[in-house]
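A.B. asks: So that we are looking at the same thing, I have put the structure below in structure tokens.
The values are calculated or read from the model by the stated rules, or taken from the named source; none is laboratory data. Bear in mind that the values here come from a model prediction, so they are computed numbers and not experimental data. Cβ atoms come from the backbone with ideal geometry, glycine included; neighbour counts cover every protein chain shown.
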Amino acid sequence: MSFRTITIAVVMLLCLQVSEAQELRRSGLTKIIPLIFLLFISTYVDPAIAQTSDQLGGVVSAKEAARWREDLHYMAEEMVKRHKNLFHTVTREQFERATKDLYERIPQLARHQIIVEMARIVAMIGDGHTNIYPTRDPKIGFHTLPVKFYIFKDGLFIRAAKREQADLVGARVLKIGNFSADQAIARVSEIVGRDNEMDVKFFGPHLLAMPEILQALGLSNSVRLVHLLIEKKGSAKDVALNPTGLAEMMADDTDLTWLPEEGWVDLRDEAKASLPLWLKNPREKFWFEYLPDARAVYLQINEVGDKDSETLADFSERLFNFIDTNSIDRLVLDLRLNRGGDGTLLPPFVKRLIKSKIDQPGKFFTIIGRSTFSAAQFLVDDLERYTNTLFVGEPSGSKGNTYGDSRRITLPNSGITVRVSIYYWQDWYPWDERPWTPPHLATELTSEDYRINNDPALKLALTYVPQRSLSQSLGEALSEGNVALAIERFRRFEADPINAYRNVQEEMFGLAVRMLRAKKPDYAIEVLKLNIEANPRSAVAFAALGDVYLASGNKALAKKSYETALKLKPQDNEVSDKLKGLGQERPK
């Protein structure tokens, strides 16, 4: 029974004529009517909504406000105590100001608004293991719309829906309420604890399906009715959706949100092609399959952990014994569904891989994406440093230098869980400022790919022929004295979609060093200027250019580069000292 039916029943009850009401009072039936109405409600209202109707109401009571204030105070104190370095991104003053502001506003807010504002404060910390997640905490008890969203390459889409809303599947979402899809994603990003923006792509669609969050963020006027503007087959239309029950909780270490559900229709249900391998065995922690047509092994590790029947170490031996004793030309490792696990289990796998014949340029590929997180990022870091793998897909959901290993803080009154990071992991060099591990070969899933069961990442990994590196291509042009050709090749490289996420900085630094060793500082300067084109927010890029200008005797341009570097990274004392040596104070 829909909310609209309940509303009609209420209106019918309230619309009794005065004369009829008087007659009912005389007959004594006024005592029976409310009982009949309550029976109607208990029979037809969605139990998930009925049992939490107090959570969807208005402003909290004075007593509830006091309890939420206690929770907020406890949260703020415990976060400072337990996080490895709570103020690595946000200042103490900003944190305390946000906490004080919410403390004062709590009496004017509803329960769901308080939770969302607390999540906003926690997300300010700026790491993916510090969070409040309605997708993992049943105590929060938010509801869900009868649709599942996903951010494909071509936009925000409804990739699945309850059978009653099957006609919405495959529609692109143009607006949520009065806000564009991009604006809605930007708003929900404010409550996502994240290492980088790929975490927003991962969690955002799930949070956008929760009406409490939409209302708290100003994307909807109601928690009981959400308006969407969608487009399907070239035609746009408005739809209004009611929540259908409590949101399903997500698994910890594997992305299982792709699994089919009874009573739901998925965009790829009518695909003629067979199920893509990345969706074949998501519940298996690790498995592999030989692909004879490609003379390749497809390997999927969905969680860094042991099975009851086999350890990851034993599996590694079995896998690489198969590879080394058969005619295998390629290994494709898929980490797209891997959300983490126990990173201490990784060394046997990595060591056995390094010893294998397959660890050669052009033979080993690793598919990564927005779900590649936590211990899966540890594996990515090891592969980047110690093997010849080429990364394929989209950027990872974490990075090598970050805070992690979350521990729970349980709030005393609400019972809600707040997670905080207790360790700092430095798997990359300390000056490595990348927000993620970028793919060497970018390829992102479109809604059409998903609809027809096409896997562009696997196809690319199985067919890619290695090309000359960027530094080789530019180096050849510069060795001929052709700076213009080098610039043309660089910009052609940058414009190629396959290089959309390539981080060229280390490669460009290496080329610049080669030019300096060849006594060609002018060429080194051109290379570093091109690097800044690709990395305009990198303090290290400007500092390196300043060093070469200084070595070339151009103090004016050296100062200018150092000043820009300090604006981007004000705490860089080494650059500050160089400026002082040039008679220039730290820029204000």
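A.B. asks: Considering only residues that are polar (S, T, N, Q) and within 19 Å of Gly393 (Cα to Cα), look in region 288-323 and name the one that is farthest from the chain's Cα centre (by Cα).
C.D. replies: Ranking the candidates gives Gln300 first.
A.B. asks: Here is a follow-up. Go through region 86-95 and report how many residues are surrounded by 12 or more Cβ atoms within 10 Å (Cβ to Cβ) and either free of Cβ contacts under 8 Å to residues at least 12 places away in the same chain or closer than 18 Å to Tyr424 by Cα (or both).
C.D. replies: Counting residues in region 86-95 that are surrounded by 12 or more Cβ atoms within 10 Å (Cβ to Cβ) and either free of Cβ contacts under 8 Å to residues at least 12 places away in the same chain or closer than 18 Å to Tyr424 by Cα (or both) gives 5.
A.B. asks: Would you say Leu267 is among the hydrophobic types (A, V, I, L, M, F, W, C), closer than 28 Å to Ser371 by Cα and either within 26 Å of the chain's Cα centre (by Cα) or surrounded by fewer than 13 Cβ atoms within 10 Å (Cβ to Cβ) (or both)?
C.D. replies: Yes, satisfied.
A.B. asks: Filtering region 233-249 down to residues that are crowded, with 17+ Cβ neighbours inside 10 Å and hydrophobic (A, V, I, L, M, F, W, C), which residue is farthest from Arg336 (Cα to Cα)?
C.D. replies: Among those that are crowded, with 17+ Cβ neighbours inside 10 Å and hydrophobic (A, V, I, L, M, F, W, C), it is Leu241.
A.B. asks: Taking only region 387-418 into account, find how many residues are part of a loop (DSSP other than H, G, I, E, B) and among the aliphatic types (A, V, I, L, M).
C.D. replies: 2
A.B. asks: Scan region 324-375 residue by residue and report those that are over 14 Å from Glu394 (Cβ atoms) and small (Gly, Ala, Ser).
C.D. replies: Ser327, Gly340, Gly341, Gly343, Ser356, Gly362, Ser374, Ala375
A.B. asks: Just give me the residues in region 250-261 being under 26 Å from Lys139 (Cβ atoms) and surrounded by fewer than 20 Cβ atoms within 10 Å (Cβ to Cβ), in sequence order.
C.D. replies: Met250, Ala251, Asp252, Leu256, Trp258, Leu259, Glu261
A.B. asks: Right, something else. Please verify whether Leu568 is under 22 Å from Glu507 (Cα atoms) and of a type outside the set (Ser, Thr, Tyr), treating the condition exactly as stated.
C.D. replies: yes
A.B. asks: Does Asn454 fit the bill of being more than 22 Å from Asp199 (Cα to Cα) and assigned by TED's automatic domain parsing to the domain that holds Leu379?
C.D. replies: So Asn454 passes the test.
A.B. asks: Quick check on this structure: which one of Leu217, Leu174 is more than 28 Å from Arg105 (Cβ to Cβ), in contact with an Asp or Glu (Cβ under 9 Å, 6 or more places away or on another chain) and either aliphatic (A, V, I, L, M) or free of Cβ contacts under 8 Å to residues at least 60 places away in the same chain (or both)?
C.D. replies: Leu174
For (1) in a strand (DSSP E or B); (2) farther than 25 Å from Met249 by Cα; (3) of a type outside the set (Gly, Ala, Ser); (4) in contact with a strand residue (DSSP E or B) (Cβ under 9 Å, 6 or more places away or on another chain), each residue gets a yes or a no:
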| position | (1), (2), (3), (4) |
| --- | --- |
| Glu270 | no, yes, yes, no |
| Ser274 | no, yes, no, no |
| Asn281 | no, no, yes, yes |
| Val297 | yes, yes, yes, yes |
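A.B. asks: Further, regarding this structure: Quick check on Ala161: is it closer than 30 Å to Lys233 by Cα and small (Gly, Ala, Ser)?
C.D. replies: yes
A.B. asks: May I ask you to list the residues in region 518-535 that are over 21 Å from Lys555 (Cα atoms) and either of a type outside the set (S, T, N, Q) or surrounded by fewer than 18 Cβ atoms within 10 Å (Cβ to Cβ) (or both)?
C.D. replies: Ala518, Glu533, Ala534
Residues checked against (1) surrounded by fewer than 22 Cβ atoms within 10 Å (Cβ to Cβ); (2) touching a Ser or Thr at 6+ places or on another chain (Cβ under 6 Å); (3) not assigned by TED's automatic domain parsing to the domain that holds Ser235:
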{"position": "Val116", "(1), (2), (3)": "no, no, no"}
{"position": "Val147", "(1), (2), (3)": "no, no, no"}
{"position": "Asp154", "(1), (2), (3)": "yes, yes, no"}
{"position": "Arg163", "(1), (2), (3)": "yes, no, no"}
{"position": "Leu174", "(1), (2), (3)": "yes, no, no"}
{"position": "Pro211", "(1), (2), (3)": "no, no, no"}
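A.B. asks: Scan the helices (runs of 4 or more DSSP H) fully inside region 517-583 and keep the ones with 2 or more residues being among the aliphatic types (A, V, I, L, M) and in contact (Cβ under 8 Å) with a residue 24 or more places away in the chain.
C.D. replies: Counting at least 2 such residues, we get 521-534, 539-551, 555-568.
A.B. asks: Of all residues being exposed (fewer than 15 other Cβ atoms within 10 Å of the Cβ) and not aromatic (Phe, Trp, Tyr) in region 285-303, which is nearest to Ile368 (Cα to Cα)? Just the residue, please.
C.D. replies: Glu289
A.B. asks: A follow-up question, please. Return yes or no: is Leu207 modelled with pLDDT of 95 or more, in the same structural domain as Lys148 (by TED's automatic domain parsing), surrounded by 15 or more Cβ atoms within 10 Å (Cβ to Cβ) and touching a Leu at 6+ places or on another chain (Cβ under 7 Å)?
C.D. replies: no
For (1) free of Cβ contacts under 8 Å to residues at least 60 places away in the same chain; (2) over 14 Å from Val420 (Cα atoms); (3) in contact with a Cys (Cβ under 9 Å, 6 or more places away or on another chain), each residue gets a yes or a no:
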{"site": "Gln108", "(1), (2), (3)": "yes, yes, no"}
{"site": "Thr130", "(1), (2), (3)": "no, no, no"}
{"site": "Pro134", "(1), (2), (3)": "no, yes, no"}
{"site": "Ile140", "(1), (2), (3)": "no, yes, no"}
{"site": "His143", "(1), (2), (3)": "no, yes, no"}
{"site": "Ile151", "(1), (2), (3)": "yes, yes, no"}
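A.B. asks: Give me a count of the residues in region 408-437 that are touching a helix residue (DSSP H, G or I) at 6+ places or on another chain (Cβ under 8 Å), aromatic (Phe, Trp, Tyr) and within 21 Å of Asn131 (Cα to Cα).
C.D. replies: Qualifying residue count for the region: 2.
A.B. asks: Can we say Val513 is part of a helix (DSSP H, G or I), without any contact (Cβ under 8 Å) to a residue 40 or more places away in the chain and either within 24 Å of His440 (Cβ to Cβ) or not basic (Lys, Arg) (or both)?
C.D. replies: Here the answer is yes, as Val513 does meet what is asked.
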